[in-house]
Number of protein chains: 2
Amino acid sequence: MLSKNELKYYAGLLQRKKRDSERKFIVEGKRLLDEALKSKFDCEILCCTNQFYEQYSHQIKTAKDKNIRVEIIPNKDLQKLCDTKSPQGIIGIFEMPSNGNNLLDLIDDELIVALDNIRDPGNLGTIIRTCNWFGISSIILSESCVELFNPKVVRSSMGSIFNLTFLQRVNLKQWLPEQKDKFEILAADLTGTSIRDYDLSNKSIILFSSEAHGIDNELLPLVDEKITIKGKGNAESLNVASAAAIILENLTQH
Amino acid sequence: MLSKNELKYYAGLLQRKKRDSERKFIVEGKRLLDEALKSKFDCEILCCTNQFYEQYSHQIKTAKDKNIRVEIIPNKDLQKLCDTKSPQGIIGIFEMPSNGNNLLDLIDDELIVALDNIRDPGNLGTIIRTCNWFGISSIILSESCVELFNPKVVRSSMGSIFNLTFLQRVNLKQWLPEQKDKFEILAADLTGTSIRDYDLSNKSIILFSSEAHGIDNELLPLVDEKITIKGKGNAESLNVASAAAIILENLTQH
């Protein structure tokens, strides 16, 4: 059982403000929870319906063995903890990792992804999933990106969010110049060197920006090389997650 | 002005059933309408708020010059015609093109994209946009794909939907065998020949399926070559629109 106050407290985590102050977030659904429970993230509590409890008793037992609190709650209460319309009968509350203690670790990365102005949660989640596929381990998010633990971001990352390291709310205008002696700064753009003609030779940071607004004018002077994807049709641009997929595939194939 | 009955009729087009029977669909927002009005699609009517009419009088004049009916309607009525929460003040009603009269035209295409079981409208729209970018002109949609003129598909295609030719609700189990003498059948899969080792030598159809379910078992025997994207990390799969972007970039670069 959850007390009324607990239910209210956890449901509050659907709001960004509460996530920010409590440093906790909600993970919905069996598959995402499988990934989350395997990861380094700490789980505070699992809440599931009686039906889920009976159907997936093995998953519940694994959680209990790890001393995670498990509560069976009515379906109508579970819905209050869910962002989706048809929840799968289970959610978990996880603690956010601390931010910024791993700035120094980054210097071991060959290729770091930096994101600016990525506001669509589906796009951010998809980019995280793509980075995970291609073995990229660190993503830098500027202040203008959608919040990392937004439920739609977590969902569309398909669990990859639990495998990567993030620096959030980074002021790229300050941060990028500090990296210039260690990293080459690349940026995806509608003009520039074709990704087919570009080979990664140094440790690099690749910047992806919103396709609607392009690279921020104040960041442009920091960019060593603009990278582009040559098209043949008459579309105006590619979706930013599609562009990131193409560029990351090219940069990691060598 | 729109009559009450007209408003009700057009608002009905937000439902798939009505779109199917009336063969019409709604296009929302200034940018998408710019693309739609440039295309071969016929526009029945434009409805906009007074504010939009005053701000973008030039766009309205262009439409009127083409003898398109333009009506100014109150914002609360416009909202009834919109799928988005913050509409931009203008929508247009367009006629769907007829389906299936262009089966024979396809044999001129070097590369055709076939989609099976793509149920997420954002993914379908994004794939359409990517196809348009890489100069692919024909897309085949199986019966299990989300409907092409779903408002979210139209929106996420960013107007590319108006530039391509589609065959919808195709039974791929019947249709693919009929193409085998003219086309090589490729399919994206988690295993197969690396896209980096594959060169397009014949006219080809490339099949993309839902990443959750993979290639339909009944279609598998029709596939000449399975194509895969080698990863380095521990993600389970790529988003289907990201995979399509990577594969189409590789196939069209030569």
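The values are calculated or read from the model by the stated rules, or taken from the named source; none is laboratory data. Source: prediction; values computed, not measured. All Cβ positions, glycine included, derive from the backbone under ideal geometry; neighbour counts span all protein chains shown. Surface accessibility is based on the protein's heavy atoms, side chains included, excluding ligands, DNA and RNA. Shrake-Rupley method; radii C 1.70, N 1.55, O 1.52, S 1.80 Å.
Cα centroid separation, the range B:178-254 to the range B:126-163: 18 Å.
What separates the A:LYS38 label point from its copies, with the point 7 Å along Cα to Cβ, is 4.6 nm, written shortest first. Taking every protein chain into account, the accessible area of the range A:143-254 amounts to 41 square angstrom per residue (probe 1.4 Å). Annotation for the range A:18-39 versus the range B:1-73: alpha-carbon center distance of 43 Å. In this simple spin-label model, placing a label point 7 Å from the Cα along the Cα-to-Cβ direction at both A:GLU178 and B:GLU22 gives a separation of 5.7 nm. Taking the Cα centre of chain B as origin and assigning +1 to Lys and Arg Cβ atoms and -1 to Asp and Glu Cβ atoms, the resulting dipole is close to 1180 debye.
Comparing A:PRO97, A:PRO221, A:PRO151 in a Gaussian network model of chain A, where Cα atoms under 10 Å apart are tied by springs, the biggest mean-square fluctuation is seen for A:PRO221.
With point charges of +1 on the Cβ of Lys and Arg and -1 on the Cβ of Asp and Glu, referenced to the Cα centre of chain B, which listed residue (B:THR49, B:VAL170, B:SER21) lies farthest in the positive direction of the dipole? Projecting each Cα onto the dipole axis, the largest value belongs to B:THR49. Specify the angular offset, from 0 to 90 degrees and rounded to the nearest 10, of the alpha carbon long axis of helix B:121-133 from the longest principal axis of the alpha carbons in chain B. Compared with the principal axis, the helix lies near 80 degrees. Site pair B:THR84 and B:LYS66 shows an inter-label distance of 1.9 nm when each label is modelled 7 Å from Cα along Cα→Cβ. Note on chain B: with neighbouring protein chains present and a 1.4 Å probe, carbon and sulfur make up 47 percent of its accessible heavy-atom surface.
Between the listed residues B:ALA63, B:ILE127, B:PRO97, the Cα displaced farthest toward the positive end of the dipole of the range B:44-144, a dipole computed from Cβ unit charges relative to the Cα centre, is found at B:ALA63. Annotation for A:SER86, label-to-label distances across the other copies: 3.0 nm (shortest first, one decimal, point 7 Å from Cα along Cα→Cβ). Rounded to the nearest 20, the Cβ-based charge dipole of the protein assembly as shown about its Cα centre (Lys and Arg +1, Asp and Glu -1) stands at 1980 debye.
Accessible area per residue was computed with a 1.4 Å probe on protein heavy atoms; A:ARG196 scores about 80 Å². Sorted shortest first, the separations between the B:GLN55 label point and its copies elsewhere in the assembly read 4.6 nm; each point sits 7 Å from Cα along the Cα-to-Cβ line.
Straight-line cross-link partners of B:LYS180 among the lysines, defined as a Cα under 21 Å from its Cα and at least 8 positions apart when in the same chain: B:LYS203, B:LYS226.
Under 20 Å from a label point set 7 Å out along the Cα-to-Cβ vector of A:SER39, the amide N atoms of the range A:220-254 belong to A:241, A:245. In the context of the full set of protein chains, residues of the range B:1-134 present 52 Å² of accessible surface per residue (probe radius 1.4 Å, heavy atoms only).
A Cβ-based charge dipole, computed about the Cα centre of the range B:142-181 with Lys and Arg at +1 and Asp and Glu at -1, lands at about 160 debye. Charge tally for B:LYS203 (other residues, Cβ to Cβ under 13 Å; Lys, Arg +1; Asp, Glu -1): -4.
Ignoring aspartates and glutamates fewer than eight residues from B:LYS18 along the same chain, the ones with Cα atoms less than 13 angstrom from its Cα are B:GLU95, B:GLU147.
Ligands, DNA and RNA excluded, the heavy atoms of A:ASP181 present near 130 Å² of accessible surface to a 1.4 Å solvent probe. Association of chains B and A removes close to 3100 square angstrom of accessible area from solvent, both sides included, for a probe radius of 1.4 Å.
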